[in-house]
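Colleague: Handing you this structure, nothing more for now.
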Amino acid sequence: MRLKLVMKDREYRDALAKRIRRSRWNLYVIIEDNFRMEEDTLLVTDVGEGKLREGMVLLSSECRREVEGKGPYVLFKYTGVDELLTDLRLCAFLWTGKGDLRRGEDRIVTVGAVERTDLGHRLAEQVALELGERLEEPVLLLDLTYFYREGQPEESGNTFRKLVYYLQSGKSIPVEVFFRRERGNVFRVRMPRGMNELMKIPGRECLELIREMGRYFSAVVCSVGDCFSERNIEVMKNSEWCIYMAEEDMREYFPKTSLVVPERAGEIRNAARLVQGILEAP
């Protein structure tokens, strides 16, 4: 994606350009003094609103955020850089229409382990990796425990809250803005390390949100660890497949398409067999 910076505040412009180039986002920065629009380029400026038109972003010194349609867009100039970059990518998506990977279907697989959170998470990761490799399409791995361990320092809780807003509003989203690729075809939600924002959402609403996220991926693997809360049981009951490690068979509580992995068998390495069963199911 290309960003064209046309700004009076040159010190701010240069600092912003430097920060963008150092980021992990795939962004190309152009610095010019004209307002000529170019294809697939978002023009970012701090010049007055009289010059604004579609495809332009005004960085305002007032605390404003206007991100709708084809623009013009308005963002708060002094918000955090990472949050600003997220919004700029969102504006670029709305302007160019590129980056929407909506698939229009959902396949939910829930993975857990009775009394062994670590084994449950490892099993979920292996299942997601195998699904991504066999389907050759993106798979979302969601952590449904209370502490989110996989967050990155530069990721903001506001990014997740924006994701919730856009999904609940029925709006299309650019996948790479709100999800990051981890390994292979496996993606995770962009969220900071700490208390899991997803677990603050009520059960039925959380399930609907998972289904909405699932429309952008070939499958969603929900890792519940050993957190069998009412919310997670609701998700498990509505999953296409439910895989868990336990010493006893609990299938009467969960979908008929459940697999029990004996903990003593140490079958995490055999996730391929579990995935094969999922793919062959009618």
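The values are calculated or read from the model by the stated rules, or taken from the named source; none is laboratory data. None of the values given here were measured: they were computed from a predicted structure. Positions of Cβ are backbone-derived with ideal geometry, glycine not excepted, and every protein chain shown enters the neighbour counts. To get the accessible areas, we keep the full protein, side chains included, count just its heavy atoms, and leave off ligands, DNA and RNA. Shrake-Rupley method; radii C 1.70, N 1.55, O 1.52, S 1.80 Å.
Colleague: Being under 16 Å from the mean Cα position of the chain (by Cα) and in contact (Cβ under 8 Å) with a residue 60 or more places away in the chain is the requirement here; does residue 244 meet it?
Modeller: No: the conditions fail for residue 244.
Colleague: How many residues does segment 112-171 contain that are among the acidic types (Asp, Glu), at pLDDT 80 or above, in a helix (DSSP H, G or I) and surrounded by fewer than 20 Cβ atoms within 10 Å (Cβ to Cβ)?
Modeller: Summing the residues that are among the acidic types (Asp, Glu), at pLDDT 80 or above, in a helix (DSSP H, G or I) and surrounded by fewer than 20 Cβ atoms within 10 Å (Cβ to Cβ) in segment 112-171 gives 1.
Colleague: On to the next question. Among the residues of segment 44-83, what is the count of those that are open to solvent by less than 20 Å² (accessible area, probe 1.4 Å), touching a Phe, Trp or Tyr at 6+ places or on another chain (Cβ under 9 Å) and free of Cβ contacts under 8 Å to residues at least 40 places away in the same chain?
Modeller: The total comes to 6.
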